[in-house]
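S.K.: Dropping a structure here in structure tokens format, bear with me for questions.
The values are calculated or read from the model by the stated rules, or taken from the named source; none is laboratory data. Computed from a predicted model, the values in this text were never measured in an experiment. Cβ coordinates were reconstructed from backbone atoms using ideal geometry, including for glycine residues, and neighbour counts include every protein chain displayed.
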Amino acid sequence: MNVDVIVIGGGTAGSVVAGRLAERGDRRVLLIEAGPDYGSPTSGRWPAELLDASTLPTTHDWGYRGPAADGRVIPFERARVLGGCSTHNGCAQSWGWSGDYDRWAVSGLSGWSAADLRPHFAAARERMRVRRYSDEEVQPLQLAFVAACEAEGIPRRADLDDLDGAVGVDVSPVNVVDGVRWNASFGYLDPVRLSGHLEVWGNAVAQRVVIEGGRATGVIVERFGETSIVWCSEVVVCAGAYATPELLVRSGIGSADDVAAVGADHLVELAGVGANLHDHPAVTLEFDASALLVAELDAFRAEHGWLPEEQALAKIASATASGPYDLHVYPWVEPRPDSPTGWSVVMPVGLLTPRSRGRLVMNGTAAPATPDHRYLESSVDRSALADGLEVAARLCLSSELALFLGERTNSPADGESIDQWMRRTHSHYWHPAGTAKMGDPGEGGVCDEDGRVHGVEALRIADASIFPELPRSTPALPVVVAGERIAASIP
Ligand SMILES: Cc1cc2nc3c(=O)[nH]c(=O)nc-3n(C[C@H](O)[C@H](O)[C@H](O)COP(=O)(O)OP(=O)(O)OC[C@H]3O[C@@H](n4cnc5c(N)ncnc54)[C@H](O)[C@@H]3O)c2cc1C
């Protein structure tokens, strides 16, 4: 089989790239997705939990596991389904701070300044159907959190979708349409499915990119238990921050040691493949939900017909913040059988500008790679999170929130320092990135500003792995923007 462009990974960015290229009408695009393709939102084939935006489903997970700061093995959820993580994520959409994107542009990545990206953000917002909840749609814990922030001097601002935003709190802009999680395949693939220019292969796993004479010429795919080669003129890898670097290494691109570890021929030396792995680490205060809160949640559910767990977001600044803010606080409620009321309140603090960097560890020819994030290695990360915890703890004592909270259920042990407690209990915000970053190969760069992989013709990358550093935002919309930006650069 022969097509013009193969997009590997029909996730958040892959849906954007495949959809945008197909809608030009001048080439044949094949999208290869390892998970199922359930079609349009009205196909009747979607599992209910993937459409239900009120909670985070884990039914279509790749099963990545790796070490936390104290060596605990923790899960790193990644969706294996068309739409990728946009099909199982929290639907909170924020843009980040202009200064982060402008820094990329100043470092030489042309076309990535905040001014350059604004039109892409506008397009992404429209396609992903991002809108703001009215206060009437917001459940009691989330409204109490907003009020507690205001009482603490954190102003209410509607600027989570503004690149010039500041410290503040608001209900999140969301890509939720009538309770449905509006994933990237709905926004970008459905409009071109019948165009004759897009073919989507679900349940098809790309094994490696075929590189001949320094040029990507095809992809080896496993589908229905059979392995075949699809030939093409160009490949765009959109498999996400863990799978993209692994696929590059299995294709012979990376450090000699990594490529040898997976038993491939070493074709291109690029030490940055799989390096610079980072994420937004999170530390969390946890409480039993009070009986009053549970009664109010029941009333909300009865009136509205659903109970969104997560709806509001605060941006705050630690003492070491390098910009207007560097922390998110984003509470939610969740069922917990061992709580006296059956519910708990979770108050995470996520660090948006982590200094710690890890890498993806290759595990041989057959086993998947292990993400080794090296969370909290930097003392600056730990002190910023400790600052955030202090603010979160004050919010929880406020009259607005205290009535909704029972016992705290995860305090430090006797004699345990905050540092030790954070290492023992931290989690993450599900935002891995940076493992095939844009930039100069001498500085760990894997691709240029248009996603072109150094040293290989006709091979590009477009997903969270190309970010040199995470924007200080929830990254789904910036990833959609990356898809828009890379697709626009393809002639
Ligand atoms: C539980 C959770 C909650 C989150 N909540 C939010 C939130 O509220 N707001 C927000 O902004 N961000 C959130 N995020 C993060 C955000 O969703 C991700 O950063 C973003 O979607 C990543 O997009 P991507 O295109 O890089 O990768 P993905 O969307 O993961 O896409 C990668 C795709 O490639 C496919 N693939 C991988 N390997 C292969 C292969 N070999 N062959 C074929 N296909 C392959 C995968 O199956 C997947 O579909 C959340 C993430 C998670 C996991």
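S.K.: Looking at Gly187, Gly196, can you tell me which residue is assigned to a loop (DSSP other than H, G, I, E, B) and modelled with pLDDT of 95 or more?
M.R.: Gly196
S.K.: Test of understanding: among Ala413, Ala393, which residue is over 24 Å from the mean Cα position of the chain (by Cα), modelled with pLDDT of 95 or more and not in a loop (DSSP other than H, G, I, E, B)?
M.R.: Among Ala413, Ala393, only Ala393 is over 24 Å from the mean Cα position of the chain (by Cα), modelled with pLDDT of 95 or more and not in a loop (DSSP other than H, G, I, E, B).
S.K.: Please determine, by comparing only the residues of the range 233-256 that are part of a helix (DSSP H, G or I) and out of contact with any helix residue (DSSP H, G or I) (no Cβ under 8 Å at 6 or more places or on another chain), which one is farthest from Gly483 (Cα to Cα).
M.R.: Step by step, filter the range 233-256, then rank; the result is Ala256.
S.K.: In addition: Need the failing condition index for Arg80 against (1) within 10 Å of the ligand (Cβ to nearest atom); (2) at pLDDT below 95, just the number.
M.R.: If we test Arg80 against (1) within 10 Å of the ligand (Cβ to nearest atom); (2) at pLDDT below 95, just (2) comes out false.
S.K.: Would you check which residues across the range 432-491 are among the small types (Gly, Ala, Ser) and either within 9 Å of the ligand (Cβ to nearest atom) or within 13 Å of the chain's Cα centre (by Cα) (or both) and list them?
M.R.: Ala433, Gly434, Ala462, Ala464, Ser465, Ser473, Ala476, Ala482, Gly483
S.K.: Another question about this same structure. Ile154 is checked against (1) near the ligand (Cβ under 10 Å from one of its atoms); (2) hydrophobic (A, V, I, L, M, F, W, C); (3) closer than 23 Å to Leu313 by Cβ and fails just one. What number does that condition carry?
M.R.: Just one mismatch for Ile154, condition (1).
S.K.: Among Pro57, Pro75, which is the only one that is near the ligand (Cβ under 10 Å from one of its atoms), in contact with a helix residue (DSSP H, G or I) (Cβ under 8 Å, 6 or more places away or on another chain) and without any contact (Cβ under 8 Å) to a residue 40 or more places away in the chain?
M.R.: Pro57
S.K.: Considering only the range 343-381, state which residues are at positive phi and modelled with pLDDT under 95.
M.R.: Selection gives Gly364 alone.
S.K.: Another one. Against the definition (out of contact with any Lys or Arg (no Cβ under 9 Å at 6 or more places or on another chain), of a type in the set (D, E, K, R), away from the ligand (no atom under 16 Å from the Cβ) and in a loop (DSSP other than H, G, I, E, B)), how does Asp102 come out, yes or no?
M.R.: Criteria not met by Asp102.
S.K.: Can you tell me how many residues in the range 83-99 are closer than 25 Å to Ala18 by Cβ and away from the ligand (no atom under 13 Å from the Cβ)?
M.R.: Qualifying residue count, the range 83-99: 0.
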